Structure formats: C-alpha cells, structure tokens
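No value in this document is a laboratory result; all are computed from the given coordinates. Model, not experiment: these values are computed from the prediction. Neighbour counts are summed over all protein chains in view; Cβ atoms, including those assigned to glycine, are modelled from backbone coordinates with ideal geometry.
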Amino acid sequence: MSNQERGAGHAVPPCALVIFGAAGDLTKRKLIPALYNLARQKLLPDEFAIVGCARAELDTAAFRAQIASEIERHVPGTFDPELWKWIEARLYYVSGDFGEPHTFPKLKEQLADLEKRHGTRGNLLFYLATAPDFFAPIATALRDHGLVDESGGLWRRVIVEKPFGRDLASAKALNANLLAVLAEKQIYRIDHYLGKETVQNILVFRFANGIFEPIWNRRYVDHVQITVSETLGVEKRGGYYDRAGCMRDMVPNHIFQLISLVAMEPPISFDADAVRDEQSKVLRAIHPPTPEDVLSSAVRGQYGAGGINGRALPDYRAETGVPPSSHTETFVAMKLAIDSWRWNGVPFYLRVGKALAARKTEITIRFRKPPLVLFRNTTVGDLHPNDLVIHVQPKEGISLRFGAKVPGARLELGGVDMEFDYAERFGATPATGYERLLYDAMLGDQTLFQRADMVEASWSVVAPILDVWQALPPRGFPNYAAGTWGPREAELMLERDGRSWRPIEA
Ligand code: BG6
C-alpha cells in the first residue's frame, strides 16, 4: 500500500489478530478498546477476527463476558452496543500453555475455522503480550506449525511487546532468535510512545514546515531537555519493576524514541526504512558514556515516603514485590552528547521517574540567547530563554516562549507563550494510543516500529551506565521524597553547566 492510500484511511485487509497473553490488563484496557475505536472509524473489515490465547481456563463465552464487563469503561463516551456486538461476534479464545505441545495445533485449528467462518483469508497478526521469556519460544512454535509462512501471497506478522531484552546481550540474543524464524519485515517491535499523536507530530512539525528546520541545529539550539515524570509509584508491578528499574523500563525504549525523532536528519522519504535509517543513525551517534561520564552525567534516585496531591505514598522499598533493601532506581537523569554535525556540543538532558511532583511528558528545545544583550543598561533583567516545548502528555500541544515588552512607561520584559493545543484545535479524539500501531501493523507499515539495529544501538548507550551502577551500589537510597522533582543531584547536573530544568507546574 502506498503512502497516499495509507493517508486516505482505508480499512485494513481481511485478517485475524491473535493476542498471546490475552488475560492481562493490556488486552482489556488497551488492545480491545483500540480495535473498538478502529471499528468505529470503519478501519476494520467485516472479514476480521480476534483470538485471545492465554493459560487461563476460559472458553470463548467467558472471555467475551470478561471483556464486555469492562469495555464501556475503556471507551468513555463512545460506547455503542451495536458496535460492541460487531466486535464480540468476532472475539474468540483458545486456552493453553505456551510451552505445551497441544496449544499450537489447537490454535491452528481455531484459525482455520475462523478463516472459513469470517473470511480472514489466512492473513495473521500475532501480538506477543506475554512475559518476555515466551517471545522466542512462541515465535519458534508458530514457525514449526506453519503459522508464519507467507507463501501464497498472504501475510503473517508478529508484534513484540517490551521489554525487548534487559541488556545488549539479551536484546541481541532475542533478535537472533526471532530472526531465525521470521524475516525482519514480519517483526513489529512495539513502543507505545510512538502511538501518541504528539510524538507522531514531531516528524510533521519538523519536516512539513519550512521555518523550524534551518534553526534546528547547534548554531541556534543551546540544549534539549526531556522530562517524563509520573506521579504514580510502582503500584502492583513491584515484582517486574524491581528487576527492571527506571533505566530499563523507560530510557532505551520510550525516551530514545523521542530523542531519535527530535534529533534525526530529514529522511529521503517517509518509507519505513528511510525514516528508521535516520533514527538509527542518531541512536548510533549518541556518545557511549565512559565510567567517568557516568559519575558526572548520570543520576539515579529511589523514592522514599511522601505525598502527591494529598495522596500518601510509602517508601519504594515498602511497595509490594519490592525487597526492603532494594537498590533499584525509580528515577534517572542523564546528560547525553550526540556526535553529529548537527548536534555537536548541544547537550541532551533527560529526567524520568516515578512518584514525582506532576505527571508530565515534554520535550524542550531551548534556543541560544541573542548575541548581544541590548538591554543591559535598562531596567530589563535576565532575558527569557526561547523555549519551544512539545507537550506530549497529559496536555497535548506545542508552545513557543519568547520575550515581550510589558505595557507601560518602564522597559520591562515578560515571557509570553504562543500556544497550539491539540484538543482545543482538533477536539479530543478518544484513543488508547494503540489504534495507529495496530492499524499500521495490519497494513504492513513498519515506520512506527523499532528495527533490530535501533534496539541494539539503544542498549549500547545505556549498557555502560548500567554496568557502572551495578559495580557501584547506590549510597543513600531513598534519596528523594515522593512528590518532589527527584534527587538534588539532578538539579546540580544542570546547574554545573549554568542551566536549569524548565519549571513544570505541579
Ligand atoms: C511503560 C512502563 O512502558 O510506560 C511504565 O513500563 C510506565 O512503567 C509507562 O508507567 C508510561 O507510559 P505512559 O503512556 O503513561 O507515559
């Protein structure tokens, strides 16, 4: 399908979607609601079916009832019983252990039956929403049962959820195992940050406008800063989180996606590989930190008890599933350098963490100050920096801050914002963030999915930091109270460079 057809919003071709690990929250809260939203926009064909596959001993009727009991809550304001009936009639369940030999023949039989019943024509999309240990065994079993064979003009694709490895070696091993049974063009490594409208808009903003690109470089940009702050603690995911930590959970995936879109060169086209080639180049150009860099340019933190918006949070170490002596970080701040002509000398600062003062994801491009401060003998104090801020969530939009004269006889400058607000301009579009990603996977467009080399390049950057951190256990954890902006060292890291984090309203 061409880019033009894609843009025209055609329904996807006939197919069946199989979700492994369908008993988990992702299916109820995100995937089925996303399919519902796609159906509402008429982007799914009649010849469509969904098969949930998990260990839980359920049948199709019980699975349908389970999903039905929650769907209304996850498509707020747009629930239509007729549309739900349409989805429900296409929803099936196969129970089975992914390590058991009977599971896959049973699944294959179900799929053959659906092909007849719903006309899905043998096209299959598998979604691996399981624990990562199952990714490679499931892909291998699918190959062994002929379920990823694309001969005869049909397509078979596999979406792989995160975490994609826990270090460079395991990511490489997972890539090798998947590539032994699938072609790269069949593998869709998903990162849900790329499903966010504002993240997709970075490409449009940069490359569909003539005015920003000429100043998008080291001559005009002082630095870039990215904040991804969450107010929640680890909630019920302590077991997973304590093994992963903030770095693995957020940085080589979500945050590096943001960096690659902000920092990439213009691609030669919007084809998947052209875009991903440029993203990959940026990731490979991030300077791998030396152990000395890690000590001065990477900060880790763990939250202690505190309060956020009147809600009390316990010590991270007191959360369910977390050992009382845990050394796992729940906060990371870093300064990265990108070794490229465009970005040489422009630091990229990032901070990300749980239990912080506000929920906010934003990217700030801070421009250099004017070369000459003409106002130095006036009452004007410091000039306001020109910040271009991409607001990813919860508010979605873009703002540009500049200095303006405050009305009156005195010469006084004020910082003002020119703002674009998505919801105000386009109205709120009900979405889970998975619609576009599922739609693209069914169309065969890999642009918003990570390629093997991108994943490996990202791990190569964070690996040296994780190594140093492992060798030097943190002292003084917990080192920030829940409800603050993280450890003081994160502020100091910028202060040492004569900079500061953009203030964010709590
Ligand atoms: C997930 C992480 O990938 O992203 C979570 O595992 C994190 O720990 C979440 O909370 C953040 O996603 P979002 O879309 O809420 O920013």
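Tabulated data
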{"quantity": "Measure of compaction for the stretch 236-341 (Cα Rg per 2.2 N^0.38 Å)", "calculated": "1.38"}
{"quantity": "Computed log₁₀ I(q)/I(0) - Debye formula, equal Cα scatterers, no solvent, the chain, q 0.11, 0.12 Å⁻¹", "calculated": "-1.02, -1.20"}
{"quantity": "Compactness of the stretch 204-252, expressed as Rg and Dmax over alpha-carbon positions, Å", "calculated": "17.8, 48"}
{"quantity": "The stretch 69-147, relative contact order in percent, only Cα pairs under 8 angstrom and at least six apart counted", "calculated": "27 percent"}
{"quantity": "Gain in span if fully extended, ASP273 to ALA176, counting 0.36 nm per residue against the direct Cα distance", "calculated": "33.0 nm"}
{"quantity": "Radius 14 Å from Cβ of PHE134, net charge of other residues (Lys, Arg +1; Asp, Glu -1)", "calculated": "-2"}
{"quantity": "Helix-derived mean residue ellipticity, 222 nm - over the chain, DSSP H n ≥ 4, -39500 (n - 2.57), to 500", "calculated": "-10000 deg cm²/dmol"}
{"quantity": "In the stretch 50-103, GluC sites (Glu not before Pro) in a DSSP loop with at most 11 other beta-carbon atoms within 10 Å", "calculated": "GLU57"}
{"quantity": "The stretch 431-506: trypsin sites (Lys or Arg not before Pro) in DSSP coil with no more than 14 other Cβ atoms inside 10 Å", "calculated": "ARG475, ARG496"}
{"quantity": "Cα pair distances of the stretch 365-497 binned at 5 Å [whole percent]", "calculated": "2, 7, 8, 9, 12, 14, 14, 14, 10, 6, 3, 1, 0"}
{"quantity": "Residue order, fewest to most surrounding Cβ atoms within 10 angstrom, among SER229, SER460", "calculated": "SER460, SER229"}
{"quantity": "Over 25 Å (Cα to Cα) - which of LYS162/LYS360; LYS172/LYS360; LYS42/LYS196; LYS185/LYS281; LYS162/LYS185; LYS108/LYS236 fall in this group", "calculated": "LYS172/LYS360; LYS108/LYS236"}
{"quantity": "Interchain or long-range residues, amide H under 5 Å from TYR188's placed H", "calculated": "VAL158, ILE159, VAL160"}
{"quantity": "Shape category assigned to the stretch 28-125 from the gyration tensor of Cα positions, a/c cut at 1.5", "calculated": "oblate"}
{"quantity": "Dipole of the stretch 164-217, positive end: most advanced residue of ILE187, ILE202, PHE212 [Cβ charges, Cα centre]", "calculated": "ILE187"}
{"quantity": "Burial order of peptide ranges 340-348, 406-414, 183-191 (average beta-carbon count within 10 Å, highest first)", "calculated": "183-191, 340-348, 406-414"}
